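Colleague: I'd like to ask some things about the structure below.
What follows draws every value from the coordinates through simple rules; no lab data is involved. Since the model is a prediction, treat every value here as computed from it, not as a measurement.
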Amino acid sequence: MQLNFRGLPALVTGAGKGIGRDTVKALHALGAKVVAVSRTDADLVSLSEECPGIQTVCVDLGDWDATERALGNVGPVDLLVNNAAVVPLQPFLEVTKEVFDRTFSVNLRSLVQVSQIVARGMIHRGVPGSIVHVSSMVAHVTFPNLSVYSSTKGAISVFTRAMAAELGPYKIRVNSVNPTVVLTAMGQKVLTDPEIARKLKERHPLRKFAETEDVVNSILFLLSDRSASTSGSGILVDAGYLAS
């Protein structure tokens, strides 16, 4: 499947590492004009060296006011990937206010805020667009110590459908990708116990976790006009986990 994003303005949050970083690199290689957003400046510096010409924005998306200042006038965006997230590991009975507030602020509230900024711009310019949220299969199934993280991803599923319904008349599509564990630095946090990792992998019919490339390819499909009639959907990149 040949994709071409030449000249299209795109914005990716959580762009410093993992899925977000590889999404920026893929979009840049396919000709998009990318704005990469991360809270870690060193990651943005190294990403700029790999992808000359991208625009970078360093901001903590968990801070509403700082995000508004940083992205309120970001310019035209036709393609948005909401990837920024934190993954706290806490048993339900030990969940703290600080962890709850931080997780929802970064994983969900920033998704809403950035999507509002971008969608309003699309509507003002009268252009179609595509928004992709990076969710997780734990929107549909629970894992130990991930109650707060899973709750944010479950809420993203609802927002995906609600946004698709409300933004559809403006020709703005909204979808999500829902991967299993991806072997990034963030994903490895969930797999600190080798025995748990082994048992979890064996529960996947394909006997594997997802590679970053698998998720990026699904994101690119949903951003592209190859998915022109797809909105309000979530693509499972879960190696068959939810089928078992």
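Colleague: How large is ³J(HN,Hα), in whole Hz, for each residue of the range 144-156 in order, when computed from phi with the Karplus curve 6.51 cos²θ - 1.76 cosθ + 1.60 and θ = phi - 60°, using x for Gly and Pro?
Modeller: Result, ordered by residue: x, 6, 10, 4, 6, 4, 4, 5, 5, 6, x, 5, 4 Hz.
Colleague: Let me check against my output: what whole-number percent is the relative contact order of the chain, with C-alpha pairs under 8 Å and at least 6 apart?
Modeller: 18 percent
Colleague: With angles folded into 0 to 90 degrees, how steeply does helix 41-50 sit against the dominant principal axis of the chain? Use alpha carbons for both and round to 10.
Modeller: Between the helix axis and the principal axis of the chain, the angle is about 70 degrees.
Colleague: Take the alpha carbon atoms of the range 9-243, find their radius of gyration, then divide it by 2.2 N^0.38 Å using N residues; give the quotient.
Modeller: Against the compact-globule rule of thumb, the ratio is 0.97.
Colleague: Related question: Can you list residues from other chains, or at least 5 along the same chain, whose modelled amide H is less than 5 Å from the amide H of GLY129?
Modeller: Long-range HN contacts for GLY129: ILE172, ARG173.
Colleague: With n ≥ 4 as the cut-off for DSSP H runs, can you work out [θ] at 222 nm for the chain, using -39500 (n - 2.57) per run divided by the number of residues, rounded to the nearest 500?
Modeller: Mean residue ellipticity at 222 nm (helix-derived): -13000 deg cm²/dmol.
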